[in-house]
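Computed from the coordinates by the stated procedures, all read-outs in this text should not be read as laboratory data. Treat the numbers as computed from the prediction; the structure is a model and nothing was measured. As a convention, Cβ positions derive from the backbone with ideal geometry for all residues, glycine included, and neighbour counts pool all protein chains shown.
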Amino acid sequence: MFNGLALVTAPGRVMTPRAASEQLVATACARLAGRSARVADVGTGSGAIAIAIANACLNVEIWATDISHSAVALARANVRRHRLEDRVFVRHGDLLTPIAGPST
């Protein structure tokens, strides 16, 4: 369980979410305070932080990236599990490179 959410994990292949990261989620949600926003979760691993923020902040769109194909597959599975595909987008890539910029 992470932030009250059941997630699939892959210890030894993808970083397992830690309780200490729940403070990051709480801080992010407090800063967002109901506003609409686009958030980047770089190095998403299992997608735990992205999913927890999206679950708590209904006006937020999350773009999650990871360089690991295993992490991307696991994060996508967790996003589907929590039915957040309309707001959490998981991409394979290094840092922010695969994240779409604002429309022009």
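Among 41-49, 61-69, the peptide with the highest mean count of other Cβ atoms within 10 Å heads the list, and the full ranking is 41-49, 61-69.
Working from label points 7 Å from Cα in the Cα-to-Cβ sense, the residue 1 to residue 13 distance is 2.6 nm. Length available on full extension from residue 36 to residue 24: 0.36 nm per residue minus the Cα-Cα distance, which gives 2.5 nm. For the chain, the relative contact order works out to 26 percent when only alpha carbon pairs closer than 8 Å and six or more residues apart are counted. Taking 1 over the mean of 1/r across every pair of different Cα atoms in the range 35-92, what Kirkwood radius in Å do you get? Every distinct Cα pair counted, the radius reaches 10.7 Å. Ordered from longest to shortest, the equivalent ellipsoid semi-axes for the chain are 19, 17, 12 Å, each the square root of 5 times a Cα gyration tensor eigenvalue. The mean sequence distance of close C-alpha pairs (under 8 Å, at least 6 residues apart), as a share of the length of the range 35-92, puts its relative contact order at 40 percent. Residue 36 sits among other residues whose Cβ lies under 15 Å from its own Cβ, and their net charge, with Lys and Arg +1 and Asp and Glu -1, is +2. Can you tell which of 12, 26, 55 lies farthest toward the positive end of the dipole of the chain, using +1 and -1 charges on the Cβ of basic and acidic side chains (Lys, Arg; Asp, Glu)? About the Cα centre, the residue reaching furthest to the positive side is 55. Counting only DSSP H runs of at least 4 residues, each contributing -39500 (n - 2.57), and dividing by the residue count of the chain, the helix-based mean residue ellipticity at 222 nm comes to -10000 deg cm²/dmol. With R₀ fixed at 30 Å, the C-beta to C-beta distance from residue 58 to residue 94 puts the FRET efficiency at about 0.50.
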